[in-house]
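Please read the structure below before turning to the comments.
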Amino acid sequence: MKGNLGEKLQSLPKPILYLILILATSIPLFFPTEVPNEPVESTKDFYATLMALPEGSKVLLMSDWTGSTRGESKGAFRSIFKILIRRKAKVAIYSAADPQAPRVAQDAINELNMERKRKNLPTFDRWNDWVNIGYFPNAEAAINGIANDLKGAFGGRKDFPPNSPPRDVFQSPVLQGVTKVEDFPLMLVITASKTSNFAVERVSGRTPLAFAVTGVMVPETQVFYQSKQIVGYCGGLKGVYDLEQLMESGVNFPDKATAKIKSDKLGTIEGFPDPDNKGQGTRYYPTLHYALALMIIMIILGNVGMFLAKRGDKS
Amino acid sequence: MRITAGVIATIGLYSVLWKENKFYRFFEHVFLGLAAGWTMVALWTETLKANWWDKMVGTPAETGAAATNGMFAYALLIPFGLMGYFVFSKKHNWISRIPIGIILGLWSGQQVQVWWNTYGPQIDATLKPILPTTWDSLIVPSTNGLTPEQLSQVQSQIYFSQAVNNFLFTLTVVSVLSYFLFSFEVKSKAVKGINTMGRYLLMIGFGAIFGSTVMMRFTLLIDRMHFIWIEWLRDGVFPMISGR
Amino acid sequence: MPLSEVYIGEQYRDSGWFGVFMTLLVAAFVLVNIRRARGGKDLYIRRIAGLNAIDEAIGRATEMGKPVLMVPGLSDTINAIAVQAVNIFAYVSRIAARFANPILLCCYNAAVYTYAQETIRDVYQSEGVADRYDPDSVRFVSDRQFAFAAGVSGLILREQTAATFFLGEFYAESLIFAETANSIGAIQVASSTETTQTPFFIAACDYVLIGDEFYAASAYLTRQPVLVGSLVGQDWSKLMIILMIVFGTILNTFEIQGKTTSERTKGVWSQIPERNKKQSDTFMSQLFKPQLEKVKVERPIDPNYVPEGEAAK
Amino acid sequence: MIPLLQAQAPATSFWSEAFNSSELWTKLIITLIVGLVVMVGLLYAPIRARKPIVAFFTFISGAYWVLLYLWPKPIDRQPGEMPLNTVETVSFWLADSNNVVVSFTQILTGFLLGLGIFSLLKIHLTKISKGHKDAFFSIVLLASMGLMIWFGYADWFDRLGERGAMLDNRDNWGFTQYGRDFLFEGLLQQMDAAMFSVIAFYILSAAYRAFRVRSVEATILLSAALLVLLSLMGAVSFVWDENVKAIANGNPFILNFQLTEVAQWIRNTFQTSSIRGIQFGVGLGALAMGLRLWLSLEKPGSGS
């Protein structure tokens, strides 16, 4: 017996579904488009916080992402570093979620540097501009240690000055004069796991916190943002896209009337028009629309199928 | 070549979507092997070296860093670790419970320590006022172009719409919590009603979680597709074939 | 400040005692009820739908002569969640052992593996069928999340498991397991203590234990007095939290209506111009957030002490 | 330079001895032997004593944290200060041992990893020796494991040495570095990402199959999910919100119907609260279970 249309709609074979999804996520990649977008409040705050850093500020960055979430986290990581490099910030990086993370962060910075070299821009140098403090097992205890006794926690960790054997990280220009977590005017967390919760529990109130999290974590992060435990966050691909647009056009910039992105809360914040701003967010975000649309269509199709089948039974 | 290997491995793992096949099985085993190998490497380089060995034997002085003393008592952990290996003995397998007992004891003690730290603030955050403090406006007025004083005045009030939201919030927490009461026999219709409502409100929450997660999962797929089509095919293979 | 006040302990100062008190109260609820249950008091537990499915699932696996697959979650090390999962699996294995049904238990962590290996072997021994136990049926797969996911899906597909149990801590990989098992028509019972994964299990699995139904499971299945008593203790605590929320909300609602001319910061009251009361001015908020006044205590300095930073000069 | 270094060397005590000193090694070896003797001694423990022994170790380990929580903490403790009385001596000691105790779980779990690897080896070596039809795949697994261990450690040793810093630059790479890079970045990381993204397919098929307007519950779940999905499509919510803004014409009430606002409202009001409700229960469950484990009230494997 051949099923009627309703039953067919209800039971499309899985391989066909998967094939459509592959097409929906591949084809649009070849045709970059611009989508209209209004950055969310939290990302604007995130950008404003980074741009408000005085030049040469020291920033503590917890990098807790690896290859498995590179689709979201790498975009955020790159955008954040592009901004930090412009602010001439000095960055101390450590990880608490995954032993792979320091390596992944290091590779991502190297990649940025290679691109900068190609364009004859000054590179962002290890030891002088950033140090890799390494991985700390047992995230909760590690973050507690960093919050309460930074000297003790980072003590004995080594990193490589240019062309010389490893030395104690506190000798690096990045950590010169730093003794406690309050010495950093900002702590950034780029994470794909719950280490962000520990940072809120232990660090909030001591120094401002700003997060870049994956899409799944947006709901829980929103809670911290609302309660003002963190100053801003960039959530998922949408956050990365927002950030790239903010880098391009700033907020209320050059003036409020003509600005592309406006805000009542924030003052004028500079943007840096540069084709280089466009990264993973701009590349992937349009495609995400097709994938989400496909999902919605499939859900509707399934339901229409169910109704048709029910009607068919009755008649 | 590195990228090509990555692409082939990706396709290999994707092939399971069609059906379980030899190609997938091959990459599954490569994956498991590499992961196990990497765990063995990271075990020493990332965990035991810094947390155990260096503390047990100390470290020498180096430029800029003072020497640290060795604490020999760390050596006691070796026999405790070895006790776990009795699990395969038919007669003495009980000994393997000792290291497990220590880990569990440490975990349990910590639960007592962190319980209130985690949930106390959450209970506090649930205690939201459910009656408005002002009836000037039913909803929060627009804050466009207000002076800072006016703004703080607006922010210090609870408006009707906020009160309603707060009420819904508290209601959700309470009804969800009461849904998870297992040992009370519910006879009253009202309580049953609250429990059912708890379940429905839970479903709204779950729906929202589902929606938020979809974005991330699709992004990761798009990233893979970008890796295959753009990074590998368009920017890697294509220029090579066309000899550019 | 007199010393007697100073030495009450940092964590008890101001309203700091409240958290300690609550923790001890919950502990007392649990222990008292365990005592009651041990004393032979029959305590009631309501029906939990997902748990009745366990017997059904094993029954079907036995009919088909195919293995039952169990995963006790992806805990980083052994903790109560993993122990609870393995305890439920001990129940499953017991039934499987009686019907000589093959089992597979995949562990993410070596410590959990050790515990599971010991527990499941015990189950077979106490059923008197130690010879049916194959130590390889409890196995360590990988301790990297996605390698584990790939390995377990491969196993599900190759062994064509008839019933699968995913109980414990699950993260993103939950859907990989659930959909793979669904694609071969296995009956699935699942639960994640990570709330964000529950919707995916709801979408893909036959029976889902939500939230702490997972913790209730072993009490429900075995009716052991210790477990049932503890469950009742948990319920008392939940009821206490509900009452606290209801009472606190009403109290806050009325308190916040007024205005205030004094404010407490860092434990010290000060006069301020009149303003609307804020949430932080309320009694409950003050109770939950201890505010510590700065106290200076003089102590002798250790003669061997070298201050940080000076050593490096 | 030398006198300076000596001046820095920290004071030794009974528990800590200087790096590489003969005292340290002597004490270390004695400790190890004592530990092993105790372990062998356990083999002869009477059956009746087994349960109490395990319970004892469990209780002691948990007691540390409980004590740390309940024992009066010193007020205003500054580095280098000495305790004033016995209560403070204990609390100083508790606080200072924190760093040590915290790492125990990691270290013990690390030692147990060998058991996991043993399980893997046993299963796959048996397959190979019995000539199982999947023996080839077992060989693949063992080979890739061996390669990863070899290249992983070789690269690690290279980076420890003088050349470590140079290895940041690809030009200085040798065979080891390329090998490790191929296995780690080229394969392991990519496979991680691939397996993670497989979820996207499953999410689609699960939603297609399960999200039907069948019952009240399913309908609620479905509509909440759809609304949030729509709000995530920047283009859709942009157009929707612009339209609402046009209709509202500044009316703050209608402005609430912007898609982003509605989605935000669902999240703030229902998602956060239902997560919280569940978490209260889960937290209590963990605490109660923790108590039962700590006090060894539960029979191991009590699910039976």
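The values are calculated or read from the model by the stated rules, or taken from the named source; none is laboratory data. The structure displayed is predicted, hence computed values, not measured ones. All Cβ positions, glycine included, derive from the backbone under ideal geometry; neighbour counts span all protein chains shown.
What to note about this one:
- Single condition B:MET40 does not satisfy, out of (1) of a type in the set (A, V, I, L, M); (2) surrounded by fewer than 21 Cβ atoms within 10 Å (Cβ to Cβ); (3) not assigned by TED's automatic domain parsing to the domain that holds B:ALA9: (3)
- Which numbered condition D:PHE182 fails, given (1) out of contact with any Leu (no Cβ under 8 Å at 6 or more places or on another chain); (2) more than 7 Å from chain B (Cβ to nearest Cβ); (3) free of Cβ contacts under 8 Å to residues at least 12 places away in the same chain: (2)
- Counting the residues of segment C:39-74 that are more than 26 Å from C:VAL141 (Cα to Cα) and part of a loop (DSSP other than H, G, I, E, B) gives 10.
- Residue match in segment C:232-249 (condition: assigned to a strand (DSSP E or B) and surrounded by fewer than 21 Cβ atoms within 10 Å (Cβ to Cβ)): no
- Selection of segment A:35-52 for residues being acidic (Asp, Glu) and within 14 Å of another protein chain (Cβ to nearest Cβ) yields A:GLU38, A:GLU41.
- Verdict on B:SER96 being more than 8 Å from chain D (Cβ to nearest Cβ), touching a residue at least 12 places away in the same chain (Cβ under 8 Å), over 29 Å from the mean Cα position of the chain (by Cα) and over 30 Å from A:VAL169 (Cα atoms): yes
Yes/no per residue for (1) within 11 Å of B:GLY70 (Cα to Cα); (2) modelled with pLDDT of 90 or more:
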site: D:ALA9; (1), (2): no, no
site: D:ASN20; (1), (2): yes, no
site: D:GLU23; (1), (2): yes, no
site: D:THR26; (1), (2): no, yes
site: D:ILE30; (1), (2): no, yes
site: D:VAL34; (1), (2): no, yes
site: D:MET39; (1), (2): no, yes
site: D:TYR44; (1), (2): no, yes
site: D:ILE47; (1), (2): no, no
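- Residues within segment C:215-226 that are at the interface with another protein chain (Cβ under 7 Å from one of its Cβ atoms) and surrounded by 24 or more Cβ atoms within 10 Å (Cβ to Cβ), tallied: 3
- Boolean, B:PRO79 is in contact (Cβ under 8 Å) with a residue 12 or more places away in the chain, within 8 Å of chain D (Cβ to nearest Cβ), assigned to a helix (DSSP H, G or I) and crowded, with 21+ Cβ neighbours inside 10 Å: no
- Members of segment A:76-106 that are touching a strand residue (DSSP E or B) at 6+ places or on another chain (Cβ under 9 Å) and under 18 Å from A:VAL240 (Cβ atoms): A:ALA76, A:PHE77, A:SER79, A:ILE80, A:PHE81, A:LEU84, A:VAL104, A:ALA105
- Out of A:ALA97, A:ALA108, one residue alone is closer than 25 Å to A:GLY156 by Cβ and aliphatic (A, V, I, L, M). It is A:ALA97.
- Of all residues in segment B:166-209 being within 7 Å of another protein chain (Cβ to nearest Cβ), over 30 Å from A:GLY215 (Cβ atoms) and outside any helix (DSSP H, G or I), the one that is farthest from the chain's Cα centre (by Cα): B:GLU185
- Of all residues in segment C:108-125, those satisfying the criterion of being in contact with a helix residue (DSSP H, G or I) (Cβ under 6 Å, 6 or more places away or on another chain) and at the interface with chain D (Cβ under 7 Å from one of its Cβ atoms) are C:ALA110, C:ALA111, C:TYR113, C:THR114, C:THR119, C:VAL123.
- Scan of segment C:93-145 for residues that are in a helix (DSSP H, G or I), basic (Lys, Arg) and without any contact (Cβ under 8 Å) to a residue 24 or more places away in the chain, ordered by number: C:ARG121
- Filtering A:LYS194, A:LYS228 for residues that are surrounded by fewer than 21 Cβ atoms within 10 Å (Cβ to Cβ), more than 11 Å from every other protein chain (Cβ to nearest Cβ), under 20 Å from the mean Cα position of the chain (by Cα) and among the charged types (D, E, K, R) leaves a single hit, A:LYS228.
- Failed item in (1) in a loop (DSSP other than H, G, I, E, B); (2) buried (at least 16 other Cβ atoms within 10 Å of the Cβ), with B:PRO99 passing the rest: (1)
- Residue pairs whose Cβ atoms lie under 6 Å apart, separated by 6 or more positions or on different chains, with the first residue in segment D:7-27 and over 16 Å from B:TRP52 (Cβ atoms) and polar (S, T, N, Q) and the second modelled with pLDDT of 80 or more and surrounded by 12 or more Cβ atoms within 10 Å (Cβ to Cβ), are D:THR12/B:ASN69; D:THR12/D:ALA18.
- All positions within segment D:185-221 that are more than 7 Å from chain B (Cβ to nearest Cβ), buried (at least 18 other Cβ atoms within 10 Å of the Cβ) and in a helix (DSSP H, G or I): D:GLN189, D:ASP192, D:TYR202, D:LEU204, D:SER205, D:ALA206, D:ALA207, D:TYR208, D:ARG209, D:ALA210
- Which numbered condition D:ASP76 misses (of (1) of a type in the set (D, E, K, R); (2) in contact with a strand residue (DSSP E or B) (Cβ under 9 Å, 6 or more places away or on another chain); (3) in a loop (DSSP other than H, G, I, E, B)): (2)
- Members of segment C:151-164 found to be touching a residue at least 12 places away in the same chain (Cβ under 8 Å) and either farther than 19 Å from C:LYS66 by Cα or assigned to a helix (DSSP H, G or I) (or both), listed by number: C:GLY151, C:VAL152, C:SER153, C:LEU155, C:ILE156, C:LEU157, C:GLU159
- Residue match in segment A:254-274 (condition: in contact (Cβ under 8 Å) with a residue 40 or more places away in the chain, outside any loop (DSSP other than H, G, I, E, B) and either aromatic (Phe, Trp, Tyr) or not assigned by TED's automatic domain parsing to the domain that holds A:ARG116 (or both)): no
- Just one of the listed residues (A:LYS88, A:LYS117) is on the phi > 0 side of the Ramachandran plot and charged (D, E, K, R), namely A:LYS88.
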